[in-house]
Each structure stands twice: as C-alpha cells, then as structure tokens.
Amino acid sequence: MIYDVIIIGGGPAGITAGIYAARKKLKTLLITKEWGGQITKAVDIENWPGTKKISGIDLMKQMTEHLKNFELEIKQDREIIDLDKKGENFVINDGEEKYEAKSVIIATGKVPRLLNIPGESEFKGRGVSICSTCDAPMFKDRDVVVVGGGNAGFNVALDMIKYAKKVYVLDFFEEMKGDPITKDKLVKSGIVEFITNVAVKEIKGTKFVESLIYEDRKTGKDTEINIGGVFISVGMAAKVEFAEKLVELNKIGEIVIDKDNNTKTPGLFAAGDITDIKYEQIVIACGEGAKAVLAATDYLKNK
Amino acid sequence: MNETKPKVRVFSTPTCPYCVALKSYLQEHNVEFEYIDVSQDLVAQKEMIEKSGQYGVPVAEINGEIIIGFNQERINQLLNIK
C-alpha cells in the first residue's frame with residue numbers, strides 16, 4: 001500500500017490537512033502521538049472565527065470529530081522515529097510499522113522545551129510543573145522557582161505570586177526578555193527575587209521537590225535553594241530529529257519552508273508551528289495545513 | 001450503570017483545562033460526583049497530595065481508586081462507560 005500523502009501530527013495544522021486531503025480524495029494516512037497539541041492547554045479561545053468563546057479541549061474535540069467524518073486512515077498514539085526517501089517515495093517508521101507514501105506533510109508542532117537536567121522528569125507532577133494555570137494553587141505558602149525570564153515565565157510568576165510565599169525567577173542570560181510592565185508588577189509584590197545569568201543544574205528531593213541547584217555562569221559557583229516547586233517556562237521546541245536529513249532547519253530548529261509549504265525535499269511539505277513562519281496562531285496553523293495539502297495535490301498531479 | 005452508585009470525587013482547580021474536560025466528561029455521562037476545589041479547600045488539597053503522591057490536578061477518586069490526570073480509559077473502565 002502506497003499512500004498519496006501521509007500527514008504527521010494531530011494539532012490544528014495536521015487535522016486541517018487531513019480534512020483537505022480526504023476531500024481531495026487522496027489516499028491519506030494521518031499519524032499522531034496525540035490530538036490537539038498546544039491548544040489543549042488553552043483555557044479560552046476567543047479568536048476562532050464563528051465561535052465567540054471555546055475551550056481548547058472543546059475545539060480539539062470538534063476538530064477531531066469533523067476529521068473522523070471523512071475517509072482517511074488514522075493511527076494515534078504513534079510517534080515517528082524516522083522519515084526517509086525510498087526512490088521517489090517516502091518511508092515513515094513509527095517503531096511498530098513502516099509506511100510508504102508519495103508525499104508527506106510534517107505538522108508536529110511544538111512542545112514545551114525542557115531543561116534536560118537531573119531530577120526534572122523524576123519530579124514531574126511532584127513539584128515540577130509546566131502548567132502554572134493548573135497547578136499554581138497547590139503551592140500556597142511555599143517557595144517556588146520559575147525557570148525562564150521571558151514573557152511566558154513572567155506570566156507564570158504572576159500566577160504564582162497569588163499563592164506562593166516567595167518566587168525566584170531564574171534566567172540563563174544577563175537580561176530578562178519579559179516585558180518591563182509585567183516585571184514591575186512582580187517587583188511590587190515584594191516576594192519575587194530575580195536571579196540572572198545562571199544555569200539550572202539539578203532538581204533534588206525525596207518524595208517531592210525540596211531544592212534546586214543553579215550555577216552562576218560568571219563565577220562558576222553553585223547555589224542550592226530550598227524550594228517546593230519548579231515551574232519550567234523556557235519556551236517551545238520543535239522536535240524534528242526524525243526528519244533532519246530531509247529538511248533545512250533555521251537557527252531555532254524550525255523547518256524552513258517556502259510560501260507554498262515546500263521543504264528542501266520535493267514532495268515533503270511542512271505546516272504550522274514546526275515551520276519557520278513567524279506567527280503562531282490556531283487559525284494560521286489551520287491555513288498552513290490546508291495550503292500544504294493543496295501544494296501536495298499539485299505535486300502529485302505533476303509527478 | 002451499576003446498581004450501587006459509584007462514589008466519585010474530583011480534585012481540581014478552577015482554571016485547569018484538563019479539570020474542565022474531566023468534569024464535562026462526567027457530566028455528559030450523567031455521573032454524579034463531588035467537586036473539590038483544592039485552591040480553596042486546603043485540607044482536601046493535602047489529602048489529594050497524600051493519596052496521589054503528586055501536586056498536579058486533576059485527580060479523580062473513584063470508589064477509592066486514585067486516577068491521576070484525565071485518564072479517560074481508566075475512568076471508562078471503573079464507571080462502566082462504553
């Protein structure tokens with residue numbers, strides 16, 4: 001079985017691509033690890049035309065129900081480990097099965113970047129969190145660390161000052177990139193301490209998180225602070241290792257595409273947040289998914 | 001549904017997306033449950049942390065069994081939702 005197109009990813013870009021590909025009557029397979037991607041963490045979405053206000057989870061449900069109305073094959077809970085060329089075609093490996101297709105659309109989006117330090121995954125849910133909107137109230141009267149001094153990190157710190165006794169905001173660089181207005185609010189709370197130019201080295205604890213070690217990048221000196229929670233907010237990362245040999249990446253690891261979603265390999269397209277398009281929005285990701293299918297359709301016709 | 005009603009408790013915070021999803025899922029399937037807002041009820045928060053061994057919400061307790069996160073599969077099994 002050789003598919004016309006395989007779509008990798010089940011967020012807004014991938015789902016829209018699936019709908020378009022099925023309507024184009026392409027022999028389509030959509031493979032995804034999970035549904036919705038980043039939108040499942042959005043509390044209220046108020047810029048999705050046609051719907052005044054909807055939660056990310058509900059929007060994801062509507063999108064997947066819409067998708068499943070069409071004729072296409074779907075494999076979920078699968079993560080792609082390799083994508084390669086086989087003659088004119090592509091072969092995709094998810095660790096369990098291999099699939100062959102004439103064209104491929106990568107729409108795997110972004111995931112929260114992690115620190116990759118000891119203790120981080122061990123204490124996930126036991127003091128380490130990436131969702132302050134969810135877990136902030138669990139840290140009442142505790143000392144916590146926010147790793148990341150960008151706007152996202154500052155917003156996490158804003159969530160935390162409502163509950164925590166003390167909030168440390170740590171940043172790898174000398175200057176924090178978050179908005180000065182937000183910083184002023186944090187400073188005014190009187191419980192936020194900003195520590196810059198440090199690398200977080202380890203998260204320690206027994207049953208739950210108890211302390212964190214960071215290194216001063218100037219002096220090389222380690223400091224251990226006693227805290228009960230660590231919120232990691234160091235941006236989003238595109239995971240494209242599986243496709244690295246067939247695409248060009250920009251310096252922040254996103255897939256470089258042209259205006260018609262072509263990567264550097266003919267027949268291989270990319271759409272949504274995983275690409276180097278500047279603006280990352282649900283409605284844009286959907287549009288990019290549609291565009292990628294239209295481009296793939298043209299590619300298949302001219303083959 | 002079983003003859004004896006299952007005892008269902010949901011530990012959550014008001015702003016967590018998966019808590020909202022879990023609650024509306026139970027409501028859709030006409031499951032009666034006790035809603036506990038652990039951002040307000042600190043005794044329940046302590047209970048939740050002790051029972052689940054973790055700080056993340058949501059946590060559901062169904063007939064004494066602790067389920068971490070919105071684990072639809074396990075919830076379906078325990079509540080006989082098909």
Next on the checklist: Please give the charge dipole size of the protein assembly as shown, origin at the Cα centre, charges +1 on K and R Cβ atoms and -1 on D and E Cβ atoms. Round to the nearest 20 debye.
Outcome noted: 520 debye
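Mind checking A:53-63 for the average number of partner chain beta-carbons within 10 Å of each residue's beta-carbon?
Values: counts 0, 0, 4, 3, 8, 4, 0, 2, 2, 0, 0.
That average works out to 2.
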Checklist entry - In a shell of Cβ-Cβ distance under 11 Å around B:ILE66, excluding B:ILE66 itself, what net charge do Lys and Arg (+1) and Asp and Glu (-1) give? => result -1
Next on the checklist: Over the Cα atoms of chain B, what radius of gyration and what Dmax do you get, in Å?
Outcome noted: 11.9, 35
Checklist entry - Give me the log10 of I(q) over I(0) for region A:117-182 at q = 0.16, 0.18, 0.24, 0.28 Å⁻¹, as the Debye formula computes it from C-alpha points; what are the numbers? => result -0.53, -0.66, -1.09, -1.29
Checklist outcome for this item: region A:24-84, convex hull of Cα, quarter of hull surface, nm² -> 5.6 nm²
Checklist entry - Which translational diffusion coefficient, to the nearest whole µm²/s, is obtained for region A:1-152 from the Stokes-Einstein equation, given a Kirkwood hydrodynamic radius over C-alpha pairs, 37 °C and 0.692 mPa s? => result 184 µm²/s
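Quick one, what does Rg over Rh come out to for region A:79-150 if you take C-alpha atoms and the Kirkwood Rh? Write down the numbers at each step before the final one.
Values: Rg = 19.5 Å, Rh = 16.2 Å.
Taking Rg over the Kirkwood Rh, I get 1.21.
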Checklist entry - Mind ordering A:9-15, A:124-130, A:138-144 by average Cβ neighbours within 10 Å, highest first? => result A:9-15, A:124-130, A:138-144
Next on the checklist: With angles folded into 0 to 90 degrees, how steeply does helix A:12-23 sit against the dominant principal axis of chain A? Use alpha carbons for both and round to 10.
Outcome noted: 10 degrees
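Percent of alpha carbon pairs in region A:169-303 separated by more than 19 Å?
Working: 5992 of 9045 pairs.
Distances greater than 19 Å cover 66 percent of the Cα pairs.
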Next on the checklist: Looking at region A:30-181 only, what percent of DSSP beta bridges run antiparallel? Nearest 5 please.
Outcome noted: 55 percent
Next on the checklist: Tell me the volume per residue, in Å³, of the convex hull enclosing the alpha carbons of region B:32-75.
Outcome noted: 77 Å³
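Share of region A:166-216's accessible area from carbon and sulfur, percent, 1.4 Å? Provide the component values of the computation, followed by the final result.
Values: 1480 of 2800 Å².
The C+S portion of the solvent-accessible surface of region A:166-216 is 53 percent.
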Next on the checklist: What is the angle, in °, between the Cα long axis of helix B:17-28 and the longest principal axis of the Cα atoms in chain B? Nearest 10 is fine, range 0 to 90.
Outcome noted: 30 degrees
Next on the checklist: Taking a ≥ b ≥ c as the square roots of the Cα gyration tensor eigenvalues, with a/c under 1.5 meaning rounded and otherwise prolate when a/b beats b/c, else oblate, which class fits the protein assembly as shown?
Outcome noted: oblate
Checklist entry - In terms of the ratio Rg/(2.2 N^0.38 Å) built on C-alpha atoms, what value belongs to region A:188-265? => result 1.68
Checklist entry - Quick one: which of B:47-58, A:265-276 comes out on top by average Cβ neighbours within 10 Å, and what's the full order, highest first? => result A:265-276, B:47-58
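Taking every residue in A:156-168, how many Cβ atoms of other protein chains lie within 10 Å of its Cβ, on average?
Details: counts 0, 0, 0, 1, 0, 0, 1, 1, 0, 0, 0, 0, 0.
Partner Cβ neighbours, averaged per residue: 0.
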Checklist entry - Using alpha carbons only, how many degrees (0 to 90, rounded to 10) separate the axis of helix A:151-161 from the longest principal axis of chain A? => result 50 degrees
Checklist entry - Binning every alpha carbon pair distance of region A:175-227 at 10 Å from zero, what are the percents per bin? => result 21, 38, 36, 5
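Over the whole of B:6-17, what's the average partner chain Cβ count within 10 Å per residue? Rounded to a whole number, please. List each step's numbers first, then the result.
Working: counts 0, 0, 0, 0, 0, 1, 2, 6, 3, 10, 8, 14.
Taking all residues of B:6-17 together, the mean is 4.
Over chain A, calculate the relative contact order: mean separation of alpha carbon pairs under 8 Å at least 6 apart, over the residue count, as a percent.
Values: 674 pairs, mean separation 62.0, N = 303.
Across chain A, relative contact order equals 20 percent.
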Next on the checklist: As a test, work out the antiparallel percent of DSSP beta bridges whose residues both lie in chain A, rounded to the nearest 5.
Outcome noted: 45 percent
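The values are calculated or read from the model by the stated rules, or taken from the named source; none is laboratory data. Worth saying up front: this structure is predicted, and the values here are computed from it rather than measured. Cβ atoms come from the backbone with ideal geometry, glycine included; neighbour counts cover every protein chain shown. Ligands, DNA and RNA are stripped out before the accessible areas are found, and what is left, the full protein with its side chains, is counted by its heavy atoms. Shrake-Rupley method; radii C 1.70, N 1.55, O 1.52, S 1.80 Å.
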